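To start, the structure itself, in structure tokens.
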Amino acid sequence: MAVRALIAGNWKMNTSLAEARSLAAGIAAQPSAAADLLLCPPAPWLQSVASEIGATGVMLGGQDCHPTSAGAHTGDISAEMLAEIGCSHVIVGHSERRTDHWESDAQVQAKADAALRAGLVAVICVGESEAERDAGRDLAVVGGQLAGSIPAAANANNTVIAYEPVWAIGTGRTPTVQDVAAMHDHMRTVIADKISDAAHVKLLYGGSVTPANAAELLAVANVNGALVGGASLQVEDFLAIAAAV
Ligand code: PGA
């Protein structure tokens, strides 16, 4: 099964405009041959980052979208707006949104559905908390999140799944490669209930991915790329992770 790797940078609420421009320009100057690259900057910087990456093939994504396409939703951004500004992808259901904005699986599913309607690829995030892993519930929790968050229209062309254990995000801690392998094998099986071409869906690992651990994480079966936070804010680190594919 040849699934081309995707290395996605989630910049979260980081960078000044000048930093965003220079980060995007630095990455776009050295596009990876081995992997597709996706940059998800803060929404106010999307247009500037789009012009920096131009036609290099580096892709642009939003960090969230609203379930509806327009209307009275102060502060929200629609998937259609992201598409119009040049995004190909949007992250939905990141654990920081699930926590900070109390997003449920049903809301994440509605957002993913909105992304698909707008022609975007939905990057749907799932992951267990430390307490859930300690209780031996990690596979069940992630299975439940997948069942609740993947929309009916999902397929391998319009949906990417990112496994991000909450306790590994921004902490410098990662699961063992055995634990990542077990989770990704489980996810591949679970999504087959909802996605007919499940074998071709990209399954990303996220949570403290760095140039030092990228090669071993990306070598795990059923890991088809990475969702990178902190290390995506340095050109050299992000490109080193892509080079580890
Ligand atoms: P991190 O974040 O790489 O800084 O752990 C990953 C993410 O939250 O997407």
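The values are calculated or read from the model by the stated rules, or taken from the named source; none is laboratory data. Keep in mind that what you see is a predicted model, and the values were worked out from it rather than measured. Note that we place each Cβ from the backbone using ideal geometry, even for glycine, and neighbour counts take in every protein chain shown. Note: areas computed on protein heavy atoms with side chains; ligands, DNA, RNA excluded. Shrake-Rupley method; radii C 1.70, N 1.55, O 1.52, S 1.80 Å.
Per-residue answers, yes or no, for (1) farther than 17 Å from residue 121 by Cβ; (2) touching a helix residue (DSSP H, G or I) at 6+ places or on another chain (Cβ under 8 Å); (3) modelled with pLDDT of 95 or more:
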position	(1), (2), (3)
48	yes, yes, yes
53	no, yes, yes
73	yes, no, yes
79	no, yes, yes
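Is there any pair with a first residue in the stretch 135-164 that is open to solvent by 60 Å² or more (accessible area, probe 1.4 Å) and a second that is in a helix (DSSP H, G or I) whose Cβ atoms are under 7 Å apart and which are 6 or more apart or on different chains, and what are they?
Note: pairs meeting the criteria are 139/183; 139/186.
In the list 199, 168, 162, which residue meets the criterion of being of a type in the set (A, V, I, L, M) and more than 16 Å from the ligand (Cβ to nearest atom)?
On the way: 168 fails: more than 16 Å from the ligand (Cβ to nearest atom); 162 fails: more than 16 Å from the ligand (Cβ to nearest atom).
The match here is 199.
I'd like the residue in the stretch 74-122 that is under 16 Å from residue 166 (Cβ atoms) and open to solvent by 70 Å² or more (accessible area, probe 1.4 Å) and, out of all such residues, is farthest from the ligand (Cβ to nearest atom).
102
Would you point out the residue of the stretch 29-72, among those that are touching a Lys or Arg at 6+ places or on another chain (Cβ under 8 Å), under 21 Å from residue 234 (Cβ atoms) and assigned to a loop (DSSP other than H, G, I, E, B), that is least open to solvent (accessible area, probe 1.4 Å)?
It comes out as 42.
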